[in-house]
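What follows draws every value from the coordinates through simple rules; no lab data is involved. Because the structure is predicted, anything quoted here is derived from the model rather than measured. Every residue, glycine as well, gets a Cβ built from its backbone with ideal geometry; the counts of neighbours run over all protein chains shown.
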Amino acid sequence: MSEFMQVLISGLATGSIYALAAIGFTLLWQASQTINFAQGEFVMLPAFFVLIGMHVLGLALLPAIALALVVSVVLLGMVFKRVIIQPMLPHGVLPIVMATIGLAILMREMVKEFYSAEAQPFPSMFSESTFNVLGATVSYQDVGNLIVSAIAIVALQLFLGRTRTGRCMQATAQNPAVAEILGVNIQRMVLYTFMINAALATIASVLISPIYLAKFSIGEPIGLVAFLAAIVGGFNQVRGALAGGLLIGVIDNMSAAYLSSEYRIAGPMILLIVIILLRPQGLLGTSEGRTV
């Protein structure tokens, strides 16, 4: 039982990080019908911004994280939206998919070429020591990851539900035409969504890099798992992306602990197939009607 609790807590901690990236998928889809297949690389790149801040600029960890957050919001939020997504929006989803896949490849190769192809150790904000809870060995890092992810998600929900800007963003996602008639600046709200996605990706990067190291190839598996989490939970619901991320994190760790690490991705893939067959809109998603 203690081993099960240990694996469960570790799975929830990992799943909370997946949820941050999955929520980014959901936010961009709600705001602009954008599917960002470079989302995994958006989680990979901020870790290298932090390392550059520490190793090149000589900053401590927290100032380097703050710098990486600002750079990510500008490059992965504002520049990404205005330079890549905005020109593609009138042409539909497929060109955006192709553009973001190309961007993902470019980002991987740039990091590999200009930084290193070797995995880089990444400092953790939390102690690597452990403590016991009902016989289960729990690491401070897992607990810290859960707490930081929870704070980020709760802050996002409060921002969307309790502030004027957040409500305008929700109105834009639900019905942009009506929101524009009511005086909402649609383009600004969409831009804010891209900036929030970049911030969430940076938080996920800082939390997951101490576990899997900072390496140019980590974005691909993270992006895949986050995409699966968004689909499983419900691609059009933030709470669905959260539930999907936690569920896949637990299944992933359970598969590695009780089956084999070789089958880690098999569990989430099987879950995806079952969800698509039984509930195509996802566990907490809603059906979107479409006129043909």
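Cut-off is 10 Å between beta-carbons; in what order do Tyr258, Tyr263 appear when sorted fewest neighbours first? Mind dumping the intermediate values first?
On the way: Tyr258 11, Tyr263 14.
Fewest to most other Cβ atoms nearby, the residues stand as Tyr258, Tyr263.
Binning at 10 angstrom from zero up to the longest distance, how are the C-alpha pair distances of the chain distributed in percent?
Answer for the chain: a P(r) of 7, 27, 36, 22, 7, 1 percent.
Through the Karplus equation 6.51 cos²θ - 1.76 cosθ + 1.60, θ set to phi - 60°, convert the phi angles of region 267-274 into ³J(HN,Hα) values in whole Hz; use x for Gly and Pro.
3J(HN,Hα) across region 267-274, in whole Hz: x, x, 5, 5, 4, 4, 4, 5.
Going by amide H atoms built from the backbone, whose H comes under 5 Å of the H on Tyr115, apart from near neighbours?
The answer is none.
Can you compute 3J(HN,Hα) from phi for each residue in region 98-113, using the Karplus curve 6.51 cos²θ - 1.76 cosθ + 1.60 with θ = phi - 60°, rounded to whole Hz and x for Gly and Pro?
5, 5, 6, 5, x, 5, 4, 5, 4, 5, 4, 5, 5, 5, 4, 7
What is the dipole size for the chain, taken about its Cα centre, with +1 at each Lys and Arg Cβ and -1 at each Asp and Glu Cβ, in debye to the nearest 20?
Dipole magnitude for the chain comes out near 880 debye.
Could you go through region 164-171 in sequence order and give the Karplus-derived ³J(HN,Hα) for each residue, using 6.51 cos²θ - 1.76 cosθ + 1.60 with θ = phi - 60°, rounded to whole Hz, and x for Gly and Pro?
4, 4, x, 5, 5, 5, 5, 4
For Gln120, what residues show an amide H to amide H distance below 5 Å, using hydrogens built from the backbone and excluding near sequence neighbours?
The list, which skips near neighbours in sequence, is Ala214, Lys215.
Starting from the amide H of Leu284, placed 1.01 Å from N in the peptide plane, find each other amide H under 5 Å away whose residue is 5 or more places distant or on another chain.
Amide H to amide H, under 5 Å and 5 or more residues apart or across chains, Leu284 pairs with Gly234.
Return an integer: the convex hull volume of the alpha-carbon atoms of region 1-58, in Å³ per residue.
Enclosed volume per residue, from the Cα hull, is 115 Å³.
Please report Met189, Met254 as a ranked list, fewest other C-beta atoms within 10 angstrom at the top and most at the bottom.
Met254, Met189
Below 8 Å, C-alpha to C-alpha, sequence gap of six or more: please give me the relative contact order for the chain in percent.
RCO, the chain: 35 percent.
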